[in-house]
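Input: a single structure, listed below in structure tokens.
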């Protein structure tokens, strides 16, 4: 076998992967369709789909003591665009919301599917779809698109958050283009997810109330937002909380404003500290 | 099942719904379900009749849909058996998907969807009852046409009309299991004594947190009310009646 297409990466040989300068890896020949495995057991199309999510703006979800909060960093690419358009956080059922990252067009289809699943569950069984059931159904749905060469995987991940009707148990699930769903206390997707997770890990989520969590989430998103690379952003927040009677709602404007103000002040303090050190 | 016999309507003739409908007759049955403190009691007679012919005098009109959900069936035996089979299947799938025991409301809803969606082709009056950890015991009536109505106590079948007033008068919430069982037995026996299409034995199912229990009251031990001839005594059975 020739060495074409082989590179050593940190001592580990990866077949079919070439690095072009510092850019992301490219599979040679095994990445043309989702129905092809690479010799080292990957389906590159799925990896690339995940990349699409990684390159998009961040969404975060928190599962706290008495509810769930969903937030998204909605980048403003032009002042001419109405700030209301390009929603990133949607209602899919009375007590369940969904935040999206990745290709917005793909994500819209996923949101629509969530709504259909929730509706049909209620139609057949007469009660609200449990969040874990919805998450598993969406994972199964997305997995189908990783099987065939004539479709491509979804270029979007979603965060499903809600409070189960019967036992008031808050739940957050992350669903990815791979077709995996995982239940979380804190979830983040998109370009700022690593920083967001670092911030989340500092919090005692199990003991936060929704009102406190709104402030924390605003702070997280303001922290991870890259002022240099990206321009302005709008913070979209939704929640299912005791204040909203365990129904999905956009967080009331006053609360969002307060949370953003507190977040900016906290970050302002930090940057002041940095200047002092210098 | 109902067999074709001389003098009977030809096999396959759809019996129209409701005693009031023109030319309509409800197929003979008395079924009922009642909630008590901690669960539900389901009861049914055991007579399947076609006209004056009793096709089956020991029929079992109560069918299991899942661990703690049962359904009382009246109307076309074929229709209700087919519906029961579908619902058992869907409830089993639902249990796999949720990882929990199915709520009675979910079972009742599926029955309703089948009854309403096929209302022009079915002749089925059903009562879904059981126990789940979210609501405790519950009773859901699904009469012909596909209404879904949750009630604390309900009765169905041709014999039910004779005991509606009695049930209204004598049912009370919070009965004990034994009180409720005696109530159901008495109600069904009263219906059996007036409705020619209801008779035979009484079957009783008790459903609660612990599970479900099936009991059987043989015909010669059914309480009598109107100078009916007493049946000769037979061996004792498992069921005691208050």
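What number, in percent, do you get for the relative contact order of segment B:22-134 if the mean sequence gap of Cα pairs under 8 Å and at least 6 apart is divided by its residue count?
On the way: 171 pairs, mean separation 30.7, N = 113.
So the answer I get is 27 percent.
Label-to-label distance for residue A:209 and residue B:229 is 7.7 nm, based on points extended 7 Å past Cα in the beta-carbon direction.
For peptide B:93-104, how many partner chain Cβ atoms fall within 10 Å of a residue's Cβ, on average?
Working: counts 0, 4, 0, 0, 6, 6, 4, 3, 0, 1, 4, 0.
For peptide B:93-104, the averaged partner shielding equals 2.
Helix-only arithmetic for chain A: the sum of -39500 (n - 2.57) across DSSP H runs with n ≥ 4, divided by the residue total, places the mean residue ellipticity at 222 nm at -11500 deg cm²/dmol.
Within chain A, the proportion of C-alpha pairs whose separation exceeds 27 Å stands at 44%.
Here the spin labels are modelled as points 7 Å beyond Cα on the Cα-Cβ line, and at residue A:253 and residue A:116 they lie 3.5 nm apart. Separation of segment A:195-243 and segment A:137-176, taken as the distance between their Cα centroids, equals 22 angstrom.
How are the alpha carbon pair distances in segment B:172-227 distributed across 5 Å bins from zero to the largest one, expressed in percent? Histogramming segment B:172-227 at 5 Å steps yields 4, 17, 26, 23, 16, 9, 3, 1 percent.
Once the chain from residue B:169 to residue B:100 is taken as fully extended at 0.36 nm per residue, the excess over their C-alpha distance is 21.1 nm.
In terms of the mean number of neighbouring beta-carbon atoms within 10 Å, the peptides B:128-134, A:233-239 order highest first as B:128-134, A:233-239.
Based on the Cα atoms of segment B:23-104, what semi-axes does the equivalent ellipsoid have, where each is the square root of 5 times one gyration tensor eigenvalue, given in whole Å with the largest first?
Numbers: eigenvalues 154, 51, 18 Å².
Taking √(5λ) for each eigenvalue gives 28, 16, 10 Å, largest first.
What average number of partner chain Cβ atoms lie no more than 10 Å from the Cβ of the residues making up B:34-46? Each step should come with its number before you reach the end.
Working: counts 0, 0, 0, 0, 0, 0, 0, 0, 0, 0, 0, 0, 0.
Mean inter-chain Cβ contacts per residue within 10 Å come to 0.
Highest average first, the peptides B:53-62, A:200-209 ordered by how many other beta carbon atoms sit within 10 Å of their residues are B:53-62, A:200-209. Here the calculated FRET efficiency for residue B:58 and residue A:168, from their Cβ-Cβ distance with R0 = 35 Å, stands at 0.15, rounded to the nearest 0.05.
Gain in length, residue A:33 to residue A:84, computed as 0.36 nm per residue apart minus the alpha-carbon separation, to one decimal in nm? Write down the numbers at each step before the final one.
On the way: separation 51, 0.36 × 51 = 18.36 nm, distance 3.67 nm.
Length gained, residue A:33 through residue A:84: 14.7 nm.
Rounded to 0.05, the FRET efficiency of the residue A:229 and residue A:94 pair, given R0 = 56 Å and the Cβ-Cβ distance, is 0.90. Counting Cβ atoms of other protein chains within 10 Å of each residue's Cβ and taking the mean over peptide A:123-132 gives 5.
As a calculated quantity, the FRET efficiency between residue A:104 and residue B:92 at R0 = 56 Å, using C-beta atoms, amounts to about 0.90.
Working from the alpha-carbon coordinates of the protein assembly as shown, get Rg over Rh, Rh being the Kirkwood radius. Mind dumping the intermediate values first?
Details: Rg = 31.4 Å, Rh = 27.3 Å.
We get a ratio of 1.15 for the protein assembly as shown.
No value in this document is a laboratory result; all are computed from the given coordinates. Owing to the predicted nature of the structure, the values given are computational and were not obtained by experimental measurement. Virtual Cβ from ideal backbone geometry, glycine too; neighbours counted across all protein chains shown.
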